[in-house]
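A.B. asks: Could you have a look at this structure, given as structure tokens, before my questions?
The values are calculated or read from the model by the stated rules, or taken from the named source; none is laboratory data. Note that the coordinates shown come from a computational prediction; the quantities given were computed from them, not determined experimentally. All Cβ positions, glycine included, derive from the backbone under ideal geometry; neighbour counts span all protein chains shown. Protein only, heavy atoms only, side chains kept; ligands, DNA and RNA dropped before computing areas. Shrake-Rupley method; radii C 1.70, N 1.55, O 1.52, S 1.80 Å.
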Amino acid sequence: MELAGKRVLVVGGGRSGLAAAHKLQSKAAEVFLTDMQPLAKLTGIDELKLDDAHLILEREPELKDIRPDLLVLSPGVSPFLPFIRQASATGIPLWSEVELALRDSRAVIAGITGSNGKTTTTTLVGELAKETGRETVVAGNIGLALCGQVEHLDQNGIIVAELSSFQLELINKTRVNIAIFLNLTPDHLDRHGSLERYAAAKARILENQTEQDLAILNWDDPTVKELAAIAKARVVFFSLKENLPDGICLNGEDIVLKKDHSVAATIIGRKELLLKGGHNLENVMAAVAAALEFGLDISKIADVLHHFRPVKHRQEIVGRFDDILYINDSKGTNPDSSIKALQSYEEPIVLIAGGKNKGLDMTEFLQEARIRVKSLILVGMAAPELEEIAVRLGFPKIIRTLDFKDAVNIAITEAVPGDVVLLSPACTSWDMFKSYEERGELFKDLVRKHYSEPE
């Protein structure tokens, strides 16, 4: 679609919406922007210089007044809002900000999706891509909108994009040259309505690929593995559990590339990795497959892997104080992600959990916690639900807290030398914070402040 002169309604005034609006203005489109929040809560909107007719806040827009040719939705905006459904029913195209950013890109696009591990894998793939010497942009759901970041890249550039189901459900022509699908567990069911619809949104990452492209799929996840049957691209599997005849897997304690039932290359020993836990081995394997597609030498791949540390808010080590290890896993916003965090530690755990549930069943998460957690600290909107399940499971110690600061302070007092204090909420932060990043930063600040103050 030629955007010049088109009337485009951007829905959502956050980071992605603002970036999309700027790009549209640079393409000479007539931009309208709408958000249910007041202007005082929106940052950077003034830069767009929109008049009252083009900036619709704190109410739903009237399509008959705007007469849009296109709607561009920020990731947090549901396509099921009445005016968006109305637009779709009348044939007005709906694009995600990702579609606007990537549909005409000439760069190589490596896209990473899945329920868990996206940010770690995206960051790692980005570090590996930079080792090629080619200009690399790392953006998307990882925290930086793609619009405004990627337009200057030519065919020698590499875009490494973390892609959520919200971003993928409204792509159209976006072609992902290297697609990584890590895993699929229940998440965002409050948005998608069912696991099947959630899976279908994720699977769109493969939709516009060709036989020249690559799909990197998790052999150990049945739903993801089955996508090989519909993939148009070449498929490379990775597996933590299976000694694959072809693909990336373990050979003893080593991550290896297998071809025709033989080890074609040994990449790195698992004990050499700073990333811990089986889930991170899967992330590393997926990233290795992408790096090989970039054409990186094994020695360069191994060097990057050897020095790569956990990303912020994903099992991030805050520090060890009085022989108590503090771990910030604020990005653990669903049960499966938090289960993986729990399984990464052998020590007794003081767990801080809770926030806003996304319509997910917390039973399996709390069953795992029952085995590993000595004190369960609950906070936020989901605390009553979590407490009810925990009582039924027979937790030895459950503590409901007033607010997040209270939760952290109680966790500190509950821990003794040799313990792990783990923030892995299994819930979003939206009942108390703007983002999981804000939650994680406060956790780190509170812990460090406690140990920096004199007793």
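A.B. asks: Could you check residue 342 against (1) open to solvent by 10 Å² or more (accessible area, probe 1.4 Å); (2) under 25 Å from the mean Cα position of the chain (by Cα) and say which number it fails?
C.D. replies: (1)
A.B. asks: Right, next: In the range 1-27, what residues are among the aliphatic types (A, V, I, L, M), open to solvent by less than 60 Å² (accessible area, probe 1.4 Å) and assigned to a loop (DSSP other than H, G, I, E, B)?
C.D. replies: As a first pass, look at the range 1-27 and keep what is among the aliphatic types (A, V, I, L, M): 1, 3-4, 8-11, 18-21, 24.
Next, only the ones that are open to solvent by less than 60 Å² (accessible area, probe 1.4 Å) stay: 3-4, 8-11, 18-21, 24.
If the condition is that a residue be among the aliphatic types (A, V, I, L, M), open to solvent by less than 60 Å² (accessible area, probe 1.4 Å) and assigned to a loop (DSSP other than H, G, I, E, B), then 3, 4 are the ones that fit.
A.B. asks: Something else now. Residue 162 - would you say it is over 29 Å from residue 70 (Cβ atoms) and of a type in the set (Asp, Glu)?
C.D. replies: Values: over 29 Å from residue 70 (Cβ atoms): no; of a type in the set (Asp, Glu): yes.
In short, no.
A.B. asks: When the residues of the range 239-282 are narrowed to those that are touching a His at 6+ places or on another chain (Cβ under 8 Å) and closer than 20 Å to residue 116 by Cα, which ends up least open to solvent (accessible area, probe 1.4 Å)?
C.D. replies: 273
A.B. asks: Let me ask something additional. Evaluate the range 312-324: report whether one residue or more is farther than 22 Å from residue 443 by Cβ, surrounded by fewer than 20 Cβ atoms within 10 Å (Cβ to Cβ) and at pLDDT below 95.
C.D. replies: From the range 312-324, those farther than 22 Å from residue 443 by Cβ are none; that's our starting set.
Checked the range 312-324: no residue is farther than 22 Å from residue 443 by Cβ, surrounded by fewer than 20 Cβ atoms within 10 Å (Cβ to Cβ) and at pLDDT below 95.
A.B. asks: Could you say whether any residue in the range 286-294 is among the aromatic types (Phe, Trp, Tyr) and in contact (Cβ under 8 Å) with a residue 60 or more places away in the chain?
C.D. replies: Checking the range 286-294: at least one residue is among the aromatic types (Phe, Trp, Tyr) and in contact (Cβ under 8 Å) with a residue 60 or more places away in the chain.
A.B. asks: Return the residues of the range 361-381 that are open to solvent by 10 Å² or more (accessible area, probe 1.4 Å), assigned to a loop (DSSP other than H, G, I, E, B) and at negative phi; say none if nothing qualifies.
C.D. replies: 361, 381
A.B. asks: Go through the residues of the range 184-197 one by one and say whether even a single one is within 16 Å of residue 107 (Cβ to Cβ) and of a type outside the set (A, V, I, L, M). Give the derivation first.
C.D. replies: We begin by selecting, within the range 184-197, every residue within 16 Å of residue 107 (Cβ to Cβ); these are none.
No, the range 184-197 contains no residue that is within 16 Å of residue 107 (Cβ to Cβ) and of a type outside the set (A, V, I, L, M).
A.B. asks: Follow-up. Inside the range 187-301, counting only helices (runs of 4 or more DSSP H) that do not spill past its ends, which hold 1 or more residues that are of a type in the set (Phe, Trp, Tyr)? Before you say what the answer is, go through the steps one by one.
C.D. replies: Working: elements: 189-192, 195-203, 222-226, 278-294.
Ranges flagged: 195-203, 278-294.
A.B. asks: Does residue 33 satisfy being within 26 Å of the chain's Cα centre (by Cα) and at pLDDT 95 or above? Spell out the reasoning first.
C.D. replies: On the way: within 26 Å of the chain's Cα centre (by Cα): yes; at pLDDT 95 or above: yes.
Against the criterion (within 26 Å of the chain's Cα centre (by Cα) and at pLDDT 95 or above), residue 33 qualifies.
A.B. asks: Could you check the range 41-90 and list, in sequence order, the residues that are out of contact with any Leu (no Cβ under 7 Å at 6 or more places or on another chain), in a loop (DSSP other than H, G, I, E, B) and among the aliphatic types (A, V, I, L, M)?
C.D. replies: Within the range 41-90, 42, 53, 77, 81 qualify.
A.B. asks: With respect to residue 365, is the statement that it is over 20 Å from the mean Cα position of the chain (by Cα) and either farther than 23 Å from residue 416 by Cβ or aromatic (Phe, Trp, Tyr) (or both) true? Please lay out each step first, then the result.
C.D. replies: Details: over 20 Å from the mean Cα position of the chain (by Cα): no; either farther than 23 Å from residue 416 by Cβ or aromatic (Phe, Trp, Tyr) (or both): yes.
In short, no.
A.B. asks: Determine the pairs where a residue that is of a type in the set (Ser, Thr, Tyr), located within the range 56-75, has a partner that is open to solvent by 30 Å² or more (accessible area, probe 1.4 Å) and in a loop (DSSP other than H, G, I, E, B) with Cβ atoms under 9 Å apart, the partner being 6 or more residues away or on another chain.
C.D. replies: Listed by first residue and then by second, the contacts come to 74/14.
A.B. asks: Still on this structure, I have one more. Consider residue 157 against the criteria (1) over 19 Å from the mean Cα position of the chain (by Cα); (2) open to solvent by less than 10 Å² (accessible area, probe 1.4 Å); (3) under 23 Å from residue 285 (Cβ atoms): it satisfies all of them except one. Which criterion is unmet?
C.D. replies: Condition not satisfied by residue 157: (3).
A.B. asks: Further question: Given 358, 331, 397, which one is within 15 Å of residue 425 (Cα to Cα) and open to solvent by 20 Å² or more (accessible area, probe 1.4 Å)? Quick ask: steps written out before the conclusion?
C.D. replies: Values: 358 fails: open to solvent by 20 Å² or more (accessible area, probe 1.4 Å); 397 fails: within 15 Å of residue 425 (Cα to Cα).
None of the other options fit; the residue is 331.
A.B. asks: Right, here's the next one. Tell me whether the range 436-444 contains one or more residues that are in contact with a strand residue (DSSP E or B) (Cβ under 6 Å, 6 or more places away or on another chain), open to solvent by 30 Å² or more (accessible area, probe 1.4 Å), modelled with pLDDT of 95 or more and over 19 Å from residue 324 (Cβ atoms). Explain how you work it out, then say what you get.
C.D. replies: Here is the first cut: in the range 436-444, the residues in contact with a strand residue (DSSP E or B) (Cβ under 6 Å, 6 or more places away or on another chain) are 440, 443-444.
This time we only want the ones that are open to solvent by 30 Å² or more (accessible area, probe 1.4 Å), so: none.
No, the range 436-444 contains no residue that is in contact with a strand residue (DSSP E or B) (Cβ under 6 Å, 6 or more places away or on another chain), open to solvent by 30 Å² or more (accessible area, probe 1.4 Å), modelled with pLDDT of 95 or more and over 19 Å from residue 324 (Cβ atoms).
A.B. asks: Restricting attention to the range 174-202, which residues are modelled with pLDDT of 95 or more and open to solvent by 10 Å² or more (accessible area, probe 1.4 Å)?
C.D. replies: 175, 177 - these are the residues of the range 174-202 that are modelled with pLDDT of 95 or more and open to solvent by 10 Å² or more (accessible area, probe 1.4 Å).
A.B. asks: What pairs come up if the first residue lies in the range 426-450 and is β-branched (Val, Ile, Thr), the second is open to solvent by less than 40 Å² (accessible area, probe 1.4 Å) and not in a loop (DSSP other than H, G, I, E, B), and their beta carbons are under 6 Å apart, counting only those six or more places apart or on different chains?
C.D. replies: Going by the 6 Å Cβ cut-off, the qualifying pairs are 447/318; 447/326.
A.B. asks: I need the full set of residues from the range 95-144 which are farther than 20 Å from residue 218 by Cα, in a loop (DSSP other than H, G, I, E, B) and open to solvent by 10 Å² or more (accessible area, probe 1.4 Å), in order please.
C.D. replies: 103, 104, 105, 106, 131, 132, 133, 134, 135, 141, 142, 143
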